[in-house]
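Please read the structure below before turning to the comments.
The values are calculated or read from the model by the stated rules, or taken from the named source; none is laboratory data. Note that the structure is predicted; figures quoted are calculated from it, not measured. Glycine also receives a Cβ, built like all others from the backbone with ideal geometry; neighbour counts cover every protein chain displayed. Calculation scope for accessible area: heavy atoms of the full protein, side chains included, ligands and nucleic acids excluded. Shrake-Rupley method; radii C 1.70, N 1.55, O 1.52, S 1.80 Å.
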Amino acid sequence: MLLINPYSFALGSSSSTSMSSSSTSSSSTSLSSYSVSSSSSASDSSSSSSTSLSSSSSFSLSSSSTSSSLSNSSSSSAYYDWDTSDATVLQYKFEDYNGALSAVNNTGISATDGDLYIGASTAPTDQAGGRTGKIESAFEYVRANSTSVNTNQTMQSTFRDEFSVSCWVKPNDGHSIQTDSICGVTHVSDRFGVRINSGKIYVQYWANTGAYALTNDAVFPDGATAWTHIVVNVSHTDISIFVDKENQEIDPGYDPDMSTVDMAQWTGTYDLRVGADTTTGGALTFFSDALQDDFRIHNRVLTQTEINGINNNGFGTQAQKGYTSSSSSSQSSSSSSSSSSSSSSLSSSSSSSLS
């Protein structure tokens, strides 16, 4: 597992009286304006006769209150750019297979593990993970063997409100003539599914009424494919599909509008399947022929920052929170100016007396 940590940088200087420099605590650079002042006086006195010329000058450059700073937002171990740990209902890393016929749920919200299946039977040990994944190991779904993972969860409470699905997937054939299910469940009038159809991502959600979305462009090439990060957000507004962090345009022939769908009406009682789907009668269908890694379900939609964090610049991560990587880190800048304590000045005075 490779997680790119962010970095921060800053340049600062301050100078006063004959140009001295030091690093400031706020890591900033500043330049203040200067002012020129002069005064002269002449007096005539009979008691003494003298001519004098005196001058003084000073120049200062200070950053005590004038600053311009540029810093990365992640500068403290107590602050996280993204954090999904409070929303992750299920996460399969597919790397901790220990001989049991189960997919370990690596999250604290739900302790329920999934069961590995071939058709209606639990899967043999040689298919319970151990394949080279995007992040360490992965699980291989084999259509010919009707391989799937039963989550042992209906996801009722999750699917009755906004939620999201995230995973890395690598189909054996990007344009297979058969549908590859990433995950899905159908029960009477309730159904949710994420599938690969001819290289495109298809999503459906239905709770008495529903919405459908299909990416306008193919996500996978015809034939061999590479690991691809898929995120699906199902909100009260619409269904959105992200591929490798990018929000995809939806085929205009499909309607992703969720504004008229009452998600609270979801009453399905069949368990969600990963790598397959179910029919209204409970039979399994749409078996996948693909590798899958880091499968997650969250009980809210993911923000763009969280999607970027999980994607980790294409390297992936199994973490549920962390720093945004350097190429997508947010930056903030601020500038302020004050003339009371930050200034450069040049002054001269001369006096002459003649008696």
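If you roll a 1.4 angstrom probe over the protein chains with everything in place, what fraction of the accessible area of segment 137-194 belongs to carbon and sulfur, to the nearest %?
Answer for segment 137-194: carbon and sulfur cover 41 percent of the accessible area.
For segment 193-242 and segment 267-320, write down the distance between their C-alpha centroids in whole Å.
First find each Cα centre; the distance between them is then 11 Å.
List the aspartates and glutamates whose Cα lies under 15 Å from the Cα of residue 170, skipping any in the same chain that are fewer than 8 positions away.
Cross-link targets: 136, 140, 180, 222, 244, 289, 293, 294.
For residue 230, what charge total do you get from the other residues with a beta carbon under 13 Å from its beta carbon, if Lys and Arg give +1 and Asp and Glu give -1?
+1
For a quick protection proxy, order the peptides 240-252, 190-202 by their average other-Cβ count within 10 Å, most packed first.
With the highest mean Cβ count within 10 Å placed first, the list reads 190-202, 240-252.
Per residue, how much accessible surface does segment 251-327 expose to a 1.4 Å probe? Answer in Å², no decimals.
36
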